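Inspection log for the structure reproduced underneath, given as structure tokens.
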Amino acid sequence: MNISFNKRFLFFLFICFLIYLQGIFKLPVIDRDEARFATSSKTMLIEKDFIDIKMVEEKRYKKPIGIYWTQSLMNSIFGSYPYDKISIYRLPSILGVFISFFLIFVIIRNIENESIAFLTVFFLIFSFLTISEIHQAKTDGLLFLFIGICNLIIFKLINFRNLSFLNKIFFWIAMSFGILIKGPIIIIFTFFPLIIFSILRKRNFIKNIWSTFGFVLLLLITIPWFVLINIKSGGAFWYESVGNDLFNKVKSGQESHGFPPGYYSLLLFIFFWPGSIFIINLFLQMKERFKYILKKDDFLLYLIISFGFPLIIFELIPTKLPHYIYPAYLPLSILVAKFIAESDYNKKLLKFSLFSIVLFPLTIISLITLSIHQFSEFDGNFVFIIILYLILSLFLLKETLKKKIKSVLISSGCFQIFTYFVLIFFLLPRLEVLWISDRINMIINKHESSVEKIFTVGFNEPSLLFLTSHKSSNSSSILGYKKGQEEKILLIVTDIISKNIKDNENFSEFLLIEEFTGFNYSKGENVILKVYKN
């Protein structure tokens, strides 16, 4: 497991980056949050207004400006008008996460050793939650970078008891960018764990990271935009982002995302796999050694706090989504890596691993099978893939029963890569029924040159707004159309709206030229789209 930093690790990181880049370009825009973020950034680029946040005409005051600026920057470098390539909006997510991995390896190697540093990155890079977050144009991939920088600097403080002036400045700059991306959430993963650790150790570690100059930099970086948006929105930004979005999530489950405590702990076995293979054993060892850790081992204690505190906080908050605790995966990965490396790959590490070893492959195979059953058709390729899955799963199970830890690690990594390729190159092309907005966009592109106006009515998902806002109007005003108007119009409507058109004499000159059925996964319902042209 000794990895040469200059060669093997960078090669490993580069290969994983190239693999994941496939999905960045192939995956259509996802409803809802990704499409909303990307549409707001697109509006910013087209209107050249880099202070306000809105989706075309609708104000969007849920998160600060950081992610929109970053997505706009990526489009300024790699994109061009009409800025409708979703892959470019995803670049901040994948770059933020992979830069984090590089920094994690460098710093953890200096604090611990190369084996622990590599294993930490290994568990993060193949985590199902990582794979999910780097493929979405949202805040969480980039936020992971800045929370990671802050925590890596804190790790240095805990281990070496002192920080250079430069480290302190980097900490406060990272805090600033984290606040610009997702507001005060960053302190849950940084300051609060450090405060708890300071109390337990009866030493003020906050003063060791404090820098007056760094704090002034934080104010200079963050305050100007907050002042400008407050003026521009007339105070609406604070009401919407803090009063409506943040407090409501704390008070009750929002948007059907309310779950009881235990949600994140259970999902660790899916979203942190293959690291979750060792979680039960890790917990038992931590329990056995807790008195010693509490008295003697500062770094292990801080890792436990920096994972456990955010986990408890988010378990108590009613609104729950898997990515909320993603930054806490860093200390958890270090804990698992230390657990394995310092035990010298002892066979006892796999004593209680069968549950996770069986659960994850079974979940993946079941989800793929159910997706094909509901949205596509079974064929020879499906059978071949399932056979390969069974072979991989049985091999993984065999190596676990034989207690071959290194083989289990390699096999689980291969399993994740195989799963990724299956999802991107086999499953994704068979789920066309889900990508309604893409289908509508293709229809619009086909007829755009022969019409003067384009209307889409009834299907209102943000993905459609992102793809077509520069060339169509999502407006029910077309229902006031008067017969005899000379404008050539393309009209794409849901089946319900279509019935109104059929019964309206003003639309007698409109001909049905195409129709298709899709599945709106945001609402969990089938929808029929009809295309008319006058």
Practice task
Round to the nearest 10 and report in Å² the accessible area of LYS338, as given by a 1.4 Å probe over the protein chains' heavy atoms.
Solution key: 10 Å²
Fill in the blank from the handout: Classified through the alpha carbon gyration tensor (a ≥ b ≥ c as square roots of its eigenvalues; rounded if a/c is under 1.5, else prolate when a/b is larger than b/c, else oblate), region 361-403 comes out oblate
Fill in the blank from the handout: For region 40-55, in residue order, the Karplus 3J(HN,Hα) values (coefficients 6.51, -1.76, 1.60; θ = phi - 60°; whole Hz; Gly and Pro = x) are 5, 5, 5, 4, 4, 5, 5, 8, 6, 10, 9, 10, 7, 10, 7, 9
Fill in the blank from the handout: Rounded to the nearest 10, the angle in degrees between the Cα long axis of helix 91-111 and the longest principal axis of the Cα atoms of the chain comes to 0 degrees
Problem - Estimated vicinal HN-Hα couplings, Hz - region 302-311 in sequence order (Karplus 6.51, -1.76, 1.60; Gly, Pro = x) - result: 5, 4, 4, 5, 6, 8, x, 5, x, 4
Exercise for the section: Give me the angle, in degrees from 0 to 90, between the Cα long axis of helix 114-125 and the longest principal axis of the Cα atoms of the chain, rounded to the nearest 10. Expected result: 20 degrees
Problem - Correct choice for Cα extents along the principal axes in Å that was computed from the model, options (i) 85, 61, 44; (ii) 131, 50, 34; (iii) 70, 62, 43 - result: (i)
Problem - Using θ = phi - 60° and Karplus 6.51 cos²θ - 1.76 cosθ + 1.60, couplings along region 330-344 (whole Hz; Gly, Pro as x) - result: 5, x, 5, 5, 5, 4, 5, 4, 5, 4, 6, 5, 6, 8, 6
Fill in the blank from the handout: For the chain, the accessible surface attributable to carbon and sulfur atoms (probe 1.4 angstrom, ligands and nucleic acids excluded) amounts in percent to 64 percent
Exercise for the section: Hey, can you find the accessible area per residue of the chain for me, probe 1.4 Å, expressed in square angstrom? Expected result: 44 Å²
Problem - Size of charge dipole - the chain - debye, nearest 20, with Cβ of Lys, Arg +1 and Asp, Glu -1, no other charges - result: 2280 debye
Exercise for the section: Take the cross-link list LYS7/LYS348; LYS85/LYS499; LYS85/LYS320; LYS295/LYS348; LYS59/LYS138 and give me the ones stretching past 27 Å between alpha-carbons. Expected result: LYS7/LYS348; LYS85/LYS499; LYS85/LYS320
Completion exercise
Sorted by chain and number, the residues with a modelled amide H under 5 Å from that of VAL457, at a separation of 5 or more or across chains, are ILE492, VAL493, THR494
Handout entry: Length-normalised contact order for region 1-98 - Cα pairs under 8 Å, 6+ apart - percent
Key = 25 percent
Handout entry: SER265 accessible area, 1.4 Å probe, all protein chains in place, Å² to nearest 10
Key = 50 Å²
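Determine the calculated [θ] at 222 nm for the chain from helices alone, applying -39500 (n - 2.57) to every DSSP H run no shorter than 4 residues and normalising by the residue count; nearest 500 deg cm²/dmol. Could you put the intermediate results ahead of the total?
Numbers: 24 runs with 320 residues, N = 534.
Rounded to the nearest 500, the figure is -19000 deg cm²/dmol.
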Practice task
Give the relative contact order (percent, whole number) for the chain; include only Cα pairs under 8 Å separated by 6+ residues.
Solution key: 14 percent
Practice task
Give me the accessible area of HIS373, 1.4 Å probe, in Å² rounded to the nearest 10.
Solution key: 130 Å²
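The values are calculated or read from the model by the stated rules, or taken from the named source; none is laboratory data. All of these numbers come straight from a predicted model, not from anything done at the bench. Virtual Cβ from ideal backbone geometry, glycine too; neighbours counted across all protein chains shown. All accessible areas refer to the heavy atoms of the entire protein, side chains included, with ligands and DNA or RNA removed. Shrake-Rupley method; radii C 1.70, N 1.55, O 1.52, S 1.80 Å.
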